[in-house]
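The values are calculated or read from the model by the stated rules, or taken from the named source; none is laboratory data. From a predicted model like this one, the values you see are computed outputs, not experimental measurements. In this analysis, Cβ positions are derived from the backbone assuming ideal geometry, glycine residues included, and neighbour counts consider all displayed protein chains. Accessible surface areas use protein heavy atoms only, side chains included; no ligands, DNA or RNA. Shrake-Rupley method; radii C 1.70, N 1.55, O 1.52, S 1.80 Å.
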Amino acid sequence: MSDKTILKLQLPTDPLWVKNVVESNIEELLTDHAFCEQKAASNAITLIVQNPNLSDLVQEMALLVQEEMDHFKRVHDIILARGFVLGRERKDNYVNELRKFVVIGGGRTVQLVDRLLFSAMIEARSCERFKVLSENINDAELSVFYHELMISEATHYAMFIRLARKYCGDIDVETRWKECLAFEAEIIQNYGKAETIHG
Ligand SMILES: [Fe+2]
Ligand SMILES: [Fe+2]
């Protein structure tokens, strides 16, 4: 199972999402985006708190927290430079629906693998959304910014898959990932209508 075959989201985002929805409300996109970065950092902290004995995971998550908060700061800088003020946190319905993929009470290893795959999936979809944004948005600064973030999300996605394989015990990660992809495809078909990163 290569990382290329694994990053196969079943439903691509329609580029019209950028033209018809996002471009009419960049301020909303940026506020939502800033909190996506904060939530990515918070998720990495939670993984540390839940798995303090997994030293490689703790090391990787410690670096990830720094990187995601650096992204947060950069989005915030753009918000301020454009004369906006960060709004309140937006609900991320997509992530809340996707969270149901994580099996409750399935034992420690099952929970860990599911949470790592859930995290990988959010990185993968964010990577895809950033790609669509960078290629379609009529805003030179954001186009360059989203291209750069697309590359880092792809790296994060690969890291979460690598960690899932490392700590999977006798769980079949490939099969579970395919289930995750199918689960995500069901959810995402109702999105692409709001000016938020996963909207
Ligand atoms: Fe990020
Ligand atoms: Fe990320």
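A single member of Ile122, Ile187 is crowded, with 22+ Cβ neighbours inside 10 Å and of a type in the set (A, V, I, L, M, F, W, C), and it is Ile122.
Scanning for something more than 16 Å from ligand 1 (Cβ to nearest atom), more than 18 Å from Leu86 (Cα to Cα) and under 20 Å from the mean Cα position of the chain (by Cα), does the stretch 58-65 turn up at least one residue?
Filtering the stretch 58-65 for residues more than 16 Å from ligand 1 (Cβ to nearest atom) gives 58-59.
Filter once more, keeping what is more than 18 Å from Leu86 (Cα to Cα): 58-59.
Going one step further and asking which of them are under 20 Å from the mean Cα position of the chain (by Cα), we end up with 58-59.
Yes, the stretch 58-65 has at least one match.
Check every one of the helices (runs of 4 or more DSSP H) wholly within the stretch 104-199 and list those with 1 or more residues that are within 22 Å of Ser42 (Cβ to Cβ) and hydroxyl-bearing (Ser, Thr, Tyr). Don't jump to the end; show me each part of the working.
Values: elements: 108-136, 140-166, 173-188.
Of the helices (runs of 4 or more DSSP H) lying wholly inside the stretch 104-199, those with at least 1 residues that are within 22 Å of Ser42 (Cβ to Cβ) and hydroxyl-bearing (Ser, Thr, Tyr) span 108-136, 140-166.
Let's see how each residue does on (1) within 16 Å of ligand 2 (Cβ to nearest atom); (2) touching a residue at least 60 places away in the same chain (Cβ under 8 Å):
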{"residue": "Tyr157", "(1), (2)": "yes, yes"}
{"residue": "Arg162", "(1), (2)": "yes, no"}
{"residue": "Cys168", "(1), (2)": "no, no"}
{"residue": "Glu195", "(1), (2)": "no, yes"}
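With the structure loaded, tell me whether Asn51 is at pLDDT below 95 and not aromatic (Phe, Trp, Tyr) or whether it fails that test. Write out each step before concluding.
On the way: at pLDDT below 95: no; not aromatic (Phe, Trp, Tyr): yes.
Criteria not met by Asn51.
Considering only residues in the stretch 43-73 that are part of a helix (DSSP H, G or I), more than 16 Å from ligand 2 (Cβ to nearest atom) and not β-branched (Val, Ile, Thr), the one that is most open to solvent (accessible area, probe 1.4 Å) turns out to be Gln59. Mind listing just one residue for me: the one in the stretch 131-143 that is free of Cβ contacts under 8 Å to residues at least 60 places away in the same chain and within 19 Å of the chain's Cα centre (by Cα) and, of those, most open to solvent (accessible area, probe 1.4 Å)? Of everything passing the filter in the stretch 131-143, Lys131 is most open to solvent (accessible area, probe 1.4 Å). If you go through the stretch 123-164 and keep only what is closer than 21 Å to Leu16 by Cβ and of a type in the set (Val, Ile, Thr), you end up with Val132, Ile137.
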